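The values are calculated or read from the model by the stated rules, or taken from the named source; none is laboratory data. None of these values were measured; they are calculated from a predicted model. FYI the Cβ positions are ideal-geometry reconstructions off the backbone, even for glycines, and counts take in every protein chain you see. These accessible areas exclude ligands, DNA and RNA; they are computed on the full protein's heavy atoms, side chains included. Shrake-Rupley method; radii C 1.70, N 1.55, O 1.52, S 1.80 Å.
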Amino acid sequence: MITGMTGFGAREITFGRIKGVVEIKTVNHRYLDVAFYLPVGFSSLEDKIQKIIASRMKRGRVTVSVKITDRPHTNIILNQEAVKRYLDFAKELGHKHHIKNDITVADIMRMPGVVEAKEVFVQAADLWPNLEKSLQKAVAGVVAMRAREGKSLSVDINGQLTRMLGQITNIKKRIKTLLSDSKSKMGADEFSSYQKSNDINEELARLAHYIDEAKMLLRQKDGSGKKLDFIAQEMQRETNTIGSKVQDKEVAAAVIAIKSKVEKIREQSNNVE
């Protein structure tokens with residue numbers, strides 16, 4: 001089954017007290033084009049993310065966004081050894097000079113080297129294992145959404161192809177009627193010339209073949225979009241030839257109907273991966 005190119009997936013990232021979210025959006029594009037919006041210092045992960053995306057998608061403009069939503073801004077580090085030394089010194093000083101030891105916790109915390117505040121930086125290498133798991137789940141969500149779109153596209157395109165077959169049947173019937181009417185009104189040489197100039201069996205056969213090929217593509221998964229567009233171009237060429245060969249209002253109406261459906265198929269092929 002064909003797949004579409006429109007999708008969205010998101011998952012939360014958790015690493016200790018650090019929290020974030022990874023979002024993936026995909027839209028139509030002729031090739032696979034991945035854009036990254038990562039935190040500062042995370043550019044080293046682009047190749048790894050690219051490989052994961054490319055393993056599940058062949059076409060589409062893909063936007064990968066990673067945001068850190070919650071993290072401890074600072075780590076408070078208490079130097080236990082410094083605290084012990086300050087307390088021992090205060091105790092010794094009070095005992096030696098007969099001074100009351102009324103030192104408080106606040107006094108200790110104000111002492112140099114007791115408390116140190118360090119800003120927390122999220123390291124890409126540390127976060128990657130958790131980010132990768134979330135990324136894989138987000139990609140799976142995108143792929144599932146693209147598959148649902150592909151199912152809808154397949155139903156629509158298949159309907160267009162079936163209606164085209166109906167128009168081909170109408171053209172064949174009309175050609176048969178035209179030949180029958182002309183044969184009774186024309187001489188042998190004139191009718192032979194008329195028959196040759198209105199012979200579109202080859203074009204109708206190729207058009208029917210392209211319809212079968214397109215139906216086969218709808219059952220495939222990878223790389224169907226470009227092939228479908230190519231086949232639609234060939235359908236258009238054969239239909240134009242039919243219209244130019246047979247000068248008849250009913251055939252012209254059928255040709256217009258087929259061309260309209262071919263154009264719709266070409267439009268939809270731009271949505272197929």
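Values computed for the structure shown
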quantity: Selected residue (only one of Val66, Val62 is touching a residue at least 12 places away in the same chain (Cβ under 8 Å) and touching a helix residue (DSSP H, G or I) at 6+ places or on another chain (Cβ under 6 Å)); calculated: Val62
quantity: In segment 39-50, the residues that are free of Cβ contacts under 8 Å to residues at least 60 places away in the same chain and closer than 15 Å to Ala138 by Cβ; calculated: Gln50
quantity: Hey, Ile256 of a type in the set (A, V, I, L, M), out of contact with any Lys or Arg (no Cβ under 9 Å at 6 or more places or on another chain) and open to solvent by 80 Å² or more (accessible area, probe 1.4 Å) or not; calculated: yes
quantity: Leading residue by the ranking (farthest from Gly243 (Cα to Cα)) among those in segment 210-219 that are out of contact with any Ser or Thr (no Cβ under 6 Å at 6 or more places or on another chain) and surrounded by 14 or more Cβ atoms within 10 Å (Cβ to Cβ); calculated: Lys215
quantity: Residue among Asp126, Asp156 that alone is at pLDDT below 95, over 22 Å from Thr63 (Cα atoms) and assigned to a helix (DSSP H, G or I); calculated: Asp126
quantity: Top-ranked residue in segment 50-100 [being more than 30 Å from Glu132 (Cβ to Cβ) and among the charged types (D, E, K, R); ranked as nearest to the chain's Cα centre (by Cα)]; calculated: Glu81
quantity: Checklist (1) touching a Leu at 6+ places or on another chain (Cβ under 6 Å); (2) open to solvent by less than 90 Å² (accessible area, probe 1.4 Å) applied to Lys227, failing item; calculated: (2)
quantity: Test: residue in segment 122-135 that is surrounded by 16 or more Cβ atoms within 10 Å (Cβ to Cβ), in contact (Cβ under 8 Å) with a residue 12 or more places away in the chain and under 15 Å from the mean Cα position of the chain (by Cα); calculated: yes
quantity: Exclusive hit being farther than 22 Å from Gly7 by Cβ, in contact (Cβ under 8 Å) with a residue 60 or more places away in the chain and surrounded by fewer than 20 Cβ atoms within 10 Å (Cβ to Cβ), set Glu234, Glu250; calculated: Glu250
quantity: Which listed residue is touching a residue at least 12 places away in the same chain (Cβ under 8 Å), outside any helix (DSSP H, G or I) and over 23 Å from Leu161 (Cβ atoms), from Asp222, Asp199; calculated: Asp199
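Matching residues to (1) among the β-branched types (Val, Ile, Thr); (2) touching an Asp or Glu at 6+ places or on another chain (Cβ under 7 Å); (3) open to solvent by less than 40 Å² (accessible area, probe 1.4 Å); (4) in a helix (DSSP H, G or I):
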position: Ala147; (1), (2), (3), (4): no, no, no, yes
position: Leu165; (1), (2), (3), (4): no, no, no, yes
position: Ile175; (1), (2), (3), (4): yes, no, yes, yes
position: Ser192; (1), (2), (3), (4): no, no, no, yes
position: Leu204; (1), (2), (3), (4): no, no, yes, yes
position: Ala208; (1), (2), (3), (4): no, no, yes, yes
